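Structure first, commentary second.
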Amino acid sequence: MSKVAFITGISGQDGSYLADLLLSKGYSVHGIIRRSSSFNTARLEHHIQNPEVYNKTFFLHYGDLSDYNSIYNIFEKTNPDEVYNLGAQSHVKVSFDMPVYTGQIDGIGTLHMLEATKEHQYRLGKQIRYYQASSSEMYGKVQEVPQTENTKFYPRSPYGCAKVYGHHLTINYRESYDLHASCGILFNHESPRRGETFVTRKITRAIGRIYQGLQKNLVLGNMDALRDWGYAGDYVEAMWLMLQQDTPDDYVVATGNMISVREFCEKAFSYAGLKNYEQYVVTDERYFRPAEVDQLLGNPEKAKRQLGWKPKVDIDGLVRMMVDHDMELARKEFMIKHMTPTKQHNHSKYEIHHS
Ligand code: NAP
Ligand code: G4F
């Protein structure tokens with residue numbers, strides 16, 4: 001019998017890579033999607049379009065972390081062995097604009113997931129393994145460098161505060177109800193599937209579009225912030241490894257290296273062949289935060305030692321992967337923008353229109 005996994009946040013960056021990983025390992029994968037007025041499953045299209053997988057080993061269910069009833073029903077329908085709680089309002093800047101909502105989803109939503117896990121574990125009499133997407137944002141104004149599992153938290157945003165609540169709740173459920181519940185304290189991780197409003201992807205998208213003449217500038221906020229950036233594909237492996245351990249625990253997942261937003265720009269623009277990134281980048285107060293996390297640097301020694309995990313993609317590999325992807329994406333965007341249906345040909349054919 002294949003194992004059954006239930007993923008919240010499956011339509012997001014990490015959820016989509018985790019679904020790829022678990023399907024490749026023979027799992028049946030169930031995920032929550034939210035009802036929206038337009039499609040929100042672009043990162044999952046390769047599974048939805050695959051008749052060997054869709055509704056055979058890969059299933060999507062409508063639900064929302066704010067709606068306990070929908071969560072409970074999905075547990076009942078799917079009877080999961082492993083639960084990965086990745087769903088969140090995950091944007092730090094947006095959490096200042098929507099603090100209550102962020103608390104409801106990232107904090108109380110986590111409580112809904114833990115309650116449903118506890119209920120079903122008792123009801124079914126089988127162990128359910130639970131993963132909580134904790135965050136390096138919990139360290140906020142960092143109290144030591146590098147940060148380990150024992151570093152004191154000092155969150156600097158409603159998002160960071162909600163994640164601290166979810167983190168401590170997960171530990172509390174593990175200790176109170178003997179749940180196999182683990183927290184991954186993941187440092188920033190990126191990919192070509194990263195949301196376009198997070199800084200790395202915003203930079204690589206802009207590079208592709210500037211190169212194609214589709215935009216002139218890149219408008220950023222604080223370029224001095226330092227982050228420990230890894231590759232999302234590597235990080236979902238760590239999530240899975242945590243749930244394969246005999247004992248649940250908490251782990252920092254990071255590369256152990258950090259660079260600034262400015263340095264990321266330098267690397268990415270220069271890899272794309274655009275010298276002097278400064279001529280394209282402008283800063284605007286609009287993208288600064290009421291309170292900033294100046295630096296994050298993780299120490300992943302425990303994950304390396306106990307899980308046998310290590311990152312395969314370094315910062316230069318990550319930059320190359322994201323820039324290559326976004327140069328190609330912008331090239332296609334350029335083609336579509338400059339193509340007009342031709343009178344000479346069949347209307348399904350297009351040609352480049354240089355005006
Ligand atoms: P993401 O791309 O923003 O994806 C977030 C996911 O959560 C999406 O599938 C989103 O659905 C879903 N979601 C949002 N609100 C929801 C709600 N009310 N009910 C159910 N689902 C909801 O984030 P990510 O980068 O994959 O991150 C995954 C998790 O890891 C998040 O919990 C994040 O906070 C945490 N984390 C991320 C990083 C990082 O660097 N990426 C680091 C540490 C921790 P829609 O597609 O419908 O919006
Ligand atoms: O890419 P960011 O928005 O990521 P941030 O705030 O570090 O949060 C991400 O990582 C966390 C893990 O530490 C996750 F928990 C969280 O869910 C999310 O995935 O911003 C990175 C840095 C910040 O210091 C920000 O102020 O880049 C700075 N920045 C500068 N200009 C910008 C911009 N960030 C964004 N999003 N947009 C800008 O224009």
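The values are calculated or read from the model by the stated rules, or taken from the named source; none is laboratory data. On a predicted model such as this, the values are computed, not experimentally measured, just so you know. With ideal geometry, Cβ positions are generated from the backbone for all residues, glycine too; neighbour counts draw on all protein chains shown.
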Filter result for the condition that a residue is closer than 23 Å to T151 by Cα, more than 9 Å from ligand 2 (Cβ to nearest atom), at pLDDT 95 or above and assigned to a helix (DSSP H, G or I), over A206, A238, A268, A181: A238
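Yes or no: Q89 of a type outside the set (A, V, I, L, M, F, W, C) and assigned to a loop (DSSP other than H, G, I, E, B)?
It is true that Q89 is of a type outside the set (A, V, I, L, M, F, W, C) and assigned to a loop (DSSP other than H, G, I, E, B).
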Residue satisfying condition, being within 26 Å of K3 (Cα to Cα), small (G, A, S) and out of contact with any Phe, Trp or Tyr (no Cβ under 8 Å at 6 or more places or on another chain), within set G195, G166: G166
I'd like to check something: does segment 251-260 contain any residue that is touching a residue at least 60 places away in the same chain (Cβ under 8 Å), under 23 Å from the mean Cα position of the chain (by Cα), in a loop (DSSP other than H, G, I, E, B) and surrounded by fewer than 19 Cβ atoms within 10 Å (Cβ to Cβ)? yes
Condition (residue is under 19 Å from the mean Cα position of the chain (by Cα) and within 16 Å of ligand 2 (Cβ to nearest atom)) applied to segment 51-74: is it met by at least one residue? yes
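Only residues that are in a loop (DSSP other than H, G, I, E, B) and of a type in the set (S, T, N, Q): list them for segment 13-43, please.
Of the residues in segment 13-43, the ones in a loop (DSSP other than H, G, I, E, B) are 25-27, 34-41.
Correct list: S36, S37, S38, N40, T41.
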Lone qualifier among G103, G87, G15 - being within 19 Å of the chain's Cα centre (by Cα), within 16 Å of ligand 2 (Cβ to nearest atom) and surrounded by fewer than 22 Cβ atoms within 10 Å (Cβ to Cβ): G103
Find all pairs meeting these conditions: Cβ atoms under 6 angstrom apart; at least six residues apart or on different chains; first residue within segment 222-237 and away from ligand 1 (no atom under 11 Å from the Cβ); second residue aliphatic (A, V, I, L, M) and at pLDDT below 95. none
Out of the residues in segment 271-292 that are hydroxyl-bearing (S, T, Y) and touching a strand residue (DSSP E or B) at 6+ places or on another chain (Cβ under 7 Å), state the one that is nearest to ligand 2 (Cβ to nearest atom). Y287
Any pair with Cβ under 6 angstrom, 6 or more apart, that starts in segment 261-276 at a residue that is free of Cβ contacts under 8 Å to residues at least 24 places away in the same chain and on the phi < 0 side of the Ramachandran plot and ends at one that is assigned to a helix (DSSP H, G or I) and more than 16 Å from ligand 1 (Cβ to nearest atom): E266/Y277
Out of (1) under 14 Å from G31 (Cα atoms); (2) of a type in the set (F, W, Y); (3) out of contact with any Leu (no Cβ under 7 Å at 6 or more places or on another chain), the one F96 does not meet is (1)
Would you mind telling me which numbered condition in (1) within 10 Å of ligand 1 (Cβ to nearest atom); (2) farther than 17 Å from G109 by Cα; (3) surrounded by 19 or more Cβ atoms within 10 Å (Cβ to Cβ); (4) among the small types (G, A, S) A162 fails? (2)
Of (1) more than 15 Å from ligand 1 (Cβ to nearest atom); (2) among the aliphatic types (A, V, I, L, M); (3) part of a helix (DSSP H, G or I), A116 fails just (1)
Residues satisfying the stated conditions in segment 129-143, i.e. small (G, A, S) and on the phi < 0 side of the Ramachandran plot: A133, S134, S135, S136
